[in-house]
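> Here's a structure for you.
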Amino acid sequence: VIGANTYALVASYFDDGVQIIDITTPLEPLVTNAIEDGVGGFTELDGAFGITTVVIGANTYALVASYFDDGVQIIDITDPTVLTLVSSVQDGVGGFTELDGAFGITTEEIGANTYALVASYYDNGVQIINMTTPSLPTAVSAIEDDVGGFTELNGANGITTIEIGANTYALVASPVDNGVQ
């Protein structure tokens, strides 16, 4: 929901982009906007797969996990008719080590910080990104299959978070391990 309208955001793996659809009136969906990899400075949308939204301050952002670009594209969608490139992160650059085959993505607020958690299919792990300042995302930490007691991250693709009491947990699906970490 942005303003008085409800939108669907669709990551398009084969079209390498994102489609935004106004679904305020479900029987009359309206195309609002679309972006694609390599157009308008958007460089991390090749194989766009996972997508999530987060509100930080007064702005709404779309975070798109890119399977082939091995990264995350951060887009300001506060005005869905004018999509604004904010930043991006890529595997192997700036301390990001677990984004090869970026697949699933979710966000979580912990204290005053907003984090993105990205499941990485080829790196067999999860990259944790501080998104509190969307224009300057930073690598916080990463976990990897068979390191530090993690045994169910091979081919990590789905991810979500859950809060139980005072603790926040990430649940990661692993189709290769046939399990959940």
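The values are calculated or read from the model by the stated rules, or taken from the named source; none is laboratory data. This structure is a prediction, so every number in the text was calculated from the model and none was measured. With ideal geometry, Cβ positions are generated from the backbone for all residues, glycine too; neighbour counts draw on all protein chains shown. Heavy atoms of the whole protein, side chains included, go into the accessibility calculation; ligands, DNA and RNA do not. Shrake-Rupley method; radii C 1.70, N 1.55, O 1.52, S 1.80 Å.
> For residues that are free of Cβ contacts under 8 Å to residues at least 40 places away in the same chain and closer than 13 Å to Leu117 by Cα, scanning just the stretch 161-178, find the one that is most open to solvent (accessible area, probe 1.4 Å).
Tyr169
> I've got another one for you. Show me the strands (runs of 3 or more DSSP E) entirely contained within the stretch 1-103 in which 1 or more residues are open to solvent by 30 Å² or more (accessible area, probe 1.4 Å), farther than 16 Å from Ser135 by Cβ and in contact with a strand residue (DSSP E or B) (Cβ under 9 Å, 6 or more places away or on another chain).
Here the list reads 7-12, 17-22, 30-36, 48-56.
> Here is a follow-up. Need the failing condition index for Tyr122 against (1) assigned to a loop (DSSP other than H, G, I, E, B); (2) over 22 Å from Asp16 (Cα atoms); (3) open to solvent by 50 Å² or more (accessible area, probe 1.4 Å), just the number.
Failed condition: (2).
> From the list Ser174, Ser88, pick out the single residue that is within 13 Å of Val72 (Cβ to Cβ) and in contact with an Asp or Glu (Cβ under 7 Å, 6 or more places away or on another chain).
Ser88
> Let me ask you something else. Considering only the stretch 130-160, state which residues are farther than 23 Å from Tyr61 by Cα, part of a loop (DSSP other than H, G, I, E, B) and open to solvent by less than 70 Å² (accessible area, probe 1.4 Å).
Within the stretch 130-160, Asp145, Gly149, Phe150, Glu152, Leu153, Asn154, Gly155, Ala156 meet the criteria.
> Still on this model: If the requirement is being at pLDDT below 95 and either closer than 19 Å to Ser66 by Cα or more than 15 Å from the chain's Cα centre (by Cα) (or both), which of these qualifies: Ser141, Ser174?
After ruling out the rest, the residue left standing is Ser174.
> Return yes or no: is Asn113 surrounded by fewer than 14 Cβ atoms within 10 Å (Cβ to Cβ) and modelled with pLDDT of 95 or more?
Against the criterion (surrounded by fewer than 14 Cβ atoms within 10 Å (Cβ to Cβ) and modelled with pLDDT of 95 or more), Asn113 qualifies.
> Then there's this: What is the number of the single condition among (1) closer than 20 Å to Glu108 by Cβ; (2) within 15 Å of the chain's Cα centre (by Cα) that Gly57 does not meet?
So the condition that Gly57 fails would be (2).
> Tell me which residues, restricted to the stretch 20-60, are of a type outside the set (Gly, Ala, Ser), in contact with a Ser or Thr (Cβ under 9 Å, 6 or more places away or on another chain) and within 23 Å of Tyr121 (Cβ to Cβ).
Once the filter is applied, which keeps residues that are of a type outside the set (Gly, Ala, Ser), in contact with a Ser or Thr (Cβ under 9 Å, 6 or more places away or on another chain) and within 23 Å of Tyr121 (Cβ to Cβ), the stretch 20-60 yields Glu36, Asp37, Phe42, Thr43, Glu44, Leu45, Asp46, Phe49, Thr52, Thr53, Val54.
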